[in-house]
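Beneath this line is the structure, given in structure tokens, with notes to follow.
The values are calculated or read from the model by the stated rules, or taken from the named source; none is laboratory data. Bear in mind that the values here come from a model prediction, so they are computed numbers and not experimental data. Quick reminder, even Gly has a Cβ in these numbers, built from the backbone with ideal geometry, and neighbours come from all protein chains shown. Heads up: the accessible areas ignore ligands, DNA and RNA and are worked out on the full protein's heavy atoms, side chains in. Shrake-Rupley method; radii C 1.70, N 1.55, O 1.52, S 1.80 Å.
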Amino acid sequence: MKKLRSAEWFGRTGKDGFIYRSWMKNQGIPAHEFKGKPVIGICNTWSELTPCNAHFRELAESVKHGIYEAGGFPVEFPVMSLGETLMKPTAMLYRNLVSMDVEESIRANPLDGVVLLCGCDKTTPALIMGACSVDLPTIVVSGGAMLTGKYQGRDIATSDVWRFSEAQRSGRMSEEEMNIAEACMSRSRGHCAVMGTASTMAVMAEALGLTLPDNAAIPAADSRRKVLAHLSGMRIVEMVREDLKLSQVLTRDAFDNAIMTNAAIGGSTNFIIHLLAIAGRIGVELSIDDFNTTDLGIPLLANLQPSGRYFMEDLYYAGGIPAVMKELNSFLKKDAVTVSGKPIWENYLNAECFNRDVIASADQPFNPLAGIAVLKGNICKNGAVIKPSAATPGLMKHTGKAVVFENIDDYKLKIDDPALEIDETSIMVLKNVGPKGYPGMPEVGNMAIPKKLLDKGVTDMVRISDGRMSGTGFGTVVLHVSPEAAAGGTLAVIREGDIISLDVEAGTLNVDLSADEIDERKRYLVQFSDFATRGYVYLYQQHVEQAHLGADLDFLKGGSGSEVHKDSH
Ligand code: FES
């Protein structure tokens, strides 16, 4: 085994070694732990303000048991956590900040390998991004999804929040019923129980080869989640001994596998932005066009909300991600190495599907329409995205008049105004909710349908914005328009009544204006000026890249490795 990185701290003699070890010993750590054992950091996003990750101290204990069993020395450390439901203006604003915390915490400390405890949406990409910029042996353990919610005899989860909200707005559900439903939905530990962004990220980690098999789907409350954490603890010690680094797992093939698996499970559109950012950190060439899976013929296999009917718990009982990947056998890059040290095909070789209602076969898919369609046109020169499986088939090719909201406040003011001139053929356009504009690119792209149209029975309309949509959301919603309005994109100059054409099959999104007309309007455009003047938000707005590049900060691209060049003692 090559010399351990941690030996640069704990293997020293004299004053330096004294300082590095002595203070650690105040935790009751015996001297032999410092003698040549792989030191494994457990990067914990536990927080009571991140309810999806609130059980992570317990999960970390299982990881520690595994590390000890394999002869390692575990050290748990906290990083900033990101609770999707509480953080304002949006947890996404802080993804890059957490990635910096993770990167610097790993590099600065005597660690030989790292276990990343990830759960709620942004915690997974933030931790992987940070770890990529250091590139030590690294394994991901996800927290698992909640058990399926139960309300008045039926199954519910996060996608029902949007349905409940519309039912309340149209008077079909009372405030009291809403209060009962909220307790029924979140009835166990874990993250959102549908194929929202958190579950999508857990699947992404498994398909990238960053986890042991089955990581994505074991429910948080299932004791096998602790077993997986224990085994991951054992495995990371071996990975250090094998010197199996992140960069050996995260090859271009691994990214292709993640993209194909995401299509088959109906994963969140947020997947694109996070995977692009991870690729940027590890140095793999990936562009938004690589996500256009609608042309590859990959079918939707997982019948999971929001694209289908079932929940994460059902996915696990039906065979989990190994069973999904086995169906994708002919599409996958089989030799991509995983953290197990083996190629990915060995992870799903013996997988079985136990319920074809939940995981369909490739021959008889749940929906032939899968994945994400990338759109280009004069509204989105650098791209925009839509999730066809969550959209209304009849609206996938649609031309209509723009109803424009200049920003989120304008939208809130006008949306339920009876005087708003809008009908079901209109196209709703929301500006200034992109990375710079909001800032942080919040999940407001699936704007609510105006109440007067809801009352008429309208359930979907074409909606366009430079923002994102919750992975639990649905509808004919065009997102991530790049360049965003605040960066001077065409979106900024669209006016009320302009004719917009969406054609998902052709991959186009255009406003009926000539290039000269667009240029002319841009000449008179009042430039976006709502910039923060201090602190992290200032840094973010000055340096955030556009959505089609992953919305990372420009100076965080790539990595600085694990070497520490200066020694203070
Ligand atoms: Fe944490 Fe949905 S709010 S995963």
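Number of residues in segment 435-449 that are open to solvent by 10 Å² or more (accessible area, probe 1.4 Å) and either part of a strand (DSSP E or B) or within 16 Å of the ligand (Cβ to nearest atom) (or both): the value is 3. Just so you know, in segment 272-297 the residues that are touching a Pro at 6+ places or on another chain (Cβ under 9 Å) and open to solvent by less than 10 Å² (accessible area, probe 1.4 Å) include one that is farthest from Glu443 (Cα to Cα), and it is Ile278. Looking at segment 43-61, can you tell me whether even one residue there is surrounded by 24 or more Cβ atoms within 10 Å (Cβ to Cβ), under 11 Å from Ile236 (Cα atoms) and either within 13 Å of the ligand (Cβ to nearest atom) or not β-branched (Val, Ile, Thr) (or both)? There is no residue in segment 43-61 that is surrounded by 24 or more Cβ atoms within 10 Å (Cβ to Cβ), under 11 Å from Ile236 (Cα atoms) and either within 13 Å of the ligand (Cβ to nearest atom) or not β-branched (Val, Ile, Thr) (or both). The selection criterion, being within 16 Å of the ligand (Cβ to nearest atom), open to solvent by 50 Å² or more (accessible area, probe 1.4 Å) and among the hydrophobic types (A, V, I, L, M, F, W, C), does not hold for Trp23. Count, please, the residues in segment 179-208 that happen to be more than 16 Å from the chain's Cα centre (by Cα), more than 15 Å from the ligand (Cβ to nearest atom) and either in a loop (DSSP other than H, G, I, E, B) or of a type outside the set (A, V, I, L, M, F, W, C) (or both). Total satisfying the criteria: 1. Cβ-Cβ distances below 7 Å connect the following pairs, each with a first residue in segment 478-492 that is under 15 Å from Leu513 (Cβ atoms) and in a loop (DSSP other than H, G, I, E, B), a second residue that is open to solvent by 10 Å² or more (accessible area, probe 1.4 Å) and at pLDDT 95 or above, and a separation of six or more residues or different chains: Gly489/Pro483.
Look at (1) within 16 Å of the ligand (Cβ to nearest atom); (2) farther than 30 Å from His32 by Cα; (3) within 17 Å of the chain's Cα centre (by Cα) and you find that Val140 fails only one, number (2).
When you look at Ala263, is it surrounded by 24 or more Cβ atoms within 10 Å (Cβ to Cβ) and closer than 22 Å to Cys353 by Cα, yes or no?
yes
The number of residues in segment 450-474 that are open to solvent by less than 10 Å² (accessible area, probe 1.4 Å) and in contact with a helix residue (DSSP H, G or I) (Cβ under 7 Å, 6 or more places away or on another chain) comes to 6.
With respect to Thr399, determine if the residue is within 20 Å of Asp512 (Cβ to Cβ), of a type outside the set (Asp, Glu), open to solvent by 10 Å² or more (accessible area, probe 1.4 Å) and not in a loop (DSSP other than H, G, I, E, B).
Yes; evaluated as a whole, the condition is true for this residue.
Val102 - would you say it is outside any loop (DSSP other than H, G, I, E, B), open to solvent by less than 10 Å² (accessible area, probe 1.4 Å), touching a residue at least 24 places away in the same chain (Cβ under 8 Å) and within 16 Å of the ligand (Cβ to nearest atom)? So Val102 fails the test. Suppose the filter is in contact with a Ser or Thr (Cβ under 7 Å, 6 or more places away or on another chain), β-branched (Val, Ile, Thr) and within 16 Å of the ligand (Cβ to nearest atom); does Thr123 pass it? So Thr123 fits the description; yes. Selection of segment 461-478 for residues being closer than 17 Å to Gly400 by Cα and at pLDDT 95 or above yields Met461, Val462, Arg463, Ile464, Ser465, Thr476, Val477, Val478. If we scan segment 151-167, do we find a residue that is open to solvent by 10 Å² or more (accessible area, probe 1.4 Å) and under 21 Å from Leu228 (Cβ atoms)? Within segment 151-167 (the criterion being open to solvent by 10 Å² or more (accessible area, probe 1.4 Å) and under 21 Å from Leu228 (Cβ atoms)), the answer is no, since none of the residues qualifies.
Arg172 passes every criterion in (1) more than 16 Å from the ligand (Cβ to nearest atom); (2) part of a helix (DSSP H, G or I); (3) touching an Asp or Glu at 6+ places or on another chain (Cβ under 9 Å); (4) not aliphatic (A, V, I, L, M) apart from (2).
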